[in-house]
Every structure is written in structure tokens, then in C-alpha cells.
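Only one structure is covered here, and it is reproduced in the block below.
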Amino acid sequence: MEKVVLHANGREARTWHWATGKATGRVFRMRNRIFEAAFSPNGQRLATATISDILVWDTATAKPIGQLIQIGNKVDALAFNHDNEHLFVASGQQIQKWSIRTATPVGPAMLHRYAINTLRISPDGENLLSTSGDRTARLWDSTTCRPWGSPIKHSANVEAGEFSADGRLIAVSGENGAVRIWDVDSNLPVGVEYLAGERGVLLLRFSPGGRELLTVSHDGRVHKWPIAPADIRDASTTSAVIEITTGQTL
């Protein structure tokens, strides 16, 4: 497993081995400062974005794949499709799916009312999750780029979102620190809304087994929230299957 680190001059991205902390020696250079970067789900590709241009790289060779994708506006978030041939790009209120090989848009634009903050692809690659300043998160069909279900409404600007490992749940957080978990199939909230930090939540992560949710707040606080089984039912039902219990500060 590798992670990306932006180098000091801002125009380079370097990869490091997660387990050992050692550099791979591979350098990905852009002509201008890098503002966003994202790995493909299998780690074989890396997208780096300047203010309005994107290059996709082969992580093994550090060579570009396809052509330079020119957005024309500020790039706010990136997410690879699971086929590794397409990239979702958020710019302002719009998400566009792009072909990596041809650097051309694919399918209709996906729209929010206000700027988009984050993009996440589901573990099975079928859905794209977007969060926005319009106080909603949305699920989209990653193939057709059409909305999947109704908008997920939140109590504030939605800063972060994340899928559980099995893709059945999503967690979203607002700039007011409120965090909520939703069932993907039913599009209904699970458990209660709870406060993870008054200054908002920067990062959300489910544990591999889906029994805990980790939140990292802008104020530097980290919480681990147990997710306790409430009522194990058949997956086809729309009833809540988990509930959120008291959060613990690490």
C-alpha cells in the first residue's frame, strides 16, 4: 500500500510505502502547483490536479496515462471509477465523468446547488457519493451519472462523506460537527445525529468490520464511535440495522 505526499515545492507528488514509511523513489511532476491528488481503488493509478488541469499516472512507472484533462475551472475533488478508465471530477457545483484515455467528458453533468466538497466511490464501484455546501449529500449511478435516490439532507454544509467497507452504509458530517449514518438501500437515517466537534469534521472512516466510525475534527480531536447491532434483520428490509452509541475520545 502506498500513500501520496505533496513535496515542498508544490509541483511534485511522491509515493511512500504505508507499512515501512520508505519512499518508492517515484516522482510525479506537474508544471504548476498540485492542489488535489487521488489513488485509484487498486492503487495502480494516481491522479494529480493543479488549479484546473489533471494528469493520471501509472504508479509503477511514474509515467502519464492518456492526455492532460483540462477542466477550465478550479478542481475541488477527485475520485476514480472502479474500471480505472474514468475519473470523476468536481468543480464548483458540478461533477463530470471523464475518459482518462481521451480526456473527454462522458455522460451528463451531475449537479448540486452549491460547491462540492468531497467525492467517494462505493466499494463495489456502483455508486458515487458527493457532499456539498447546499446541505446535502447525493448518491449517483457511476455508469449513467444519474441520481440514485433522493438527496440526503443535513443540518449544515456537508464537509465529508464515506462508505462503509460493505457499501451498505454512508456517514456524512457537517461543518457544525454533526455526523449521521445513512442506509444506502433505503435512503433512510440510521440511529441519531451526534456531535463530533464544534468546528466541523475533517475526516470520516469506518473500521474494516463496520463496527466503529472514526471522526477527525478541525479542532484536532479524534473520536471513535461504536456502532452496536440493534436488530439484525434481512438485508431486503428498510428497517435500521444499527444504532450509534456514545462516542469516546481517543
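Every number here is computed from the coordinates shown, using simple stated rules; none is lab data. None of these values were measured; they are calculated from a predicted model. Positions of Cβ are generated from backbone atoms using ideal geometry, with glycine treated the same way; all protein chains shown enter the neighbour counts.
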(request) Using θ = phi - 60° and the Karplus relation 6.51 cos²θ - 1.76 cosθ + 1.60, list the HN-Hα couplings for the stretch 142-150 in order, rounded to whole Hz, with x at every Gly or Pro. (result) 5, 8, 8, 6, 9, x, 10, x, 7
(request) Take every Cα pair under 8 Å in the stretch 14-93 that's 6+ residues apart, average their separations, divide by the length, and report that relative contact order as a whole percent. (result) 22
(request) Name the long-range amide H neighbours of residue 106: under 5 Å, sequence gap of 5 or more, or other chain; modelled H, no Pro or chain starts. (result) 97, 98, 99
(message) Once you place label points 7 Å from the Cα toward the Cβ at residue 222 and residue 60, how far apart are they in nm?
(response) 3.3
(message) Need the list of aspartates and glutamates near residue 224 for cross-linking: C-alpha distance under 12 angstrom, and skip anything on the same chain fewer than eight residues off.
(response) 212
(request) Return a single number: how many Lys pairs in the stretch 1-153, at a sequence separation of 8 or more or on separate chains, have alpha-carbon atoms below 29 angstrom apart. (result) 10
(message) Quick query: amide H of residue 127 versus all other amide H atoms, modeled in the peptide plane; which residues come in under 5 Å with a sequence gap of 5 or more or a different chain?
(response) 122, 142
(request) Could you calculate the FRET efficiency of residue 166 with residue 202 from 1/(1 + (r/R0)^6), where r is the beta carbon distance between them and R0 is 25 Å, rounded to 0.05? (result) 0.55
(request) Would you please give the residues with an amide H less than 5 Å from that of residue 34, counting only those at least 5 places away or on a separate chain, with H modeled from the backbone geometry? (result) 11, 12
(message) Below 8 Å, C-alpha to C-alpha, sequence gap of six or more: please give me the relative contact order for the stretch 1-153 in percent.
(response) 12
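Treating only the Cβ atoms of Lys and Arg (+1) and Asp and Glu (-1) as charged, compute the dipole magnitude of the chain about its Cα centre; round to the nearest 20 debye.
On the way: 27 positive and 25 negative charges, 193 e Å.
That gives a dipole near 920 debye.
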(request) Let me know the shape class of the stretch 26-97, please: from the alpha-carbon gyration tensor, a ≥ b ≥ c as square roots of the eigenvalues, rounded when a/c is under 1.5, otherwise prolate if a/b is greater than b/c, or oblate. (result) oblate
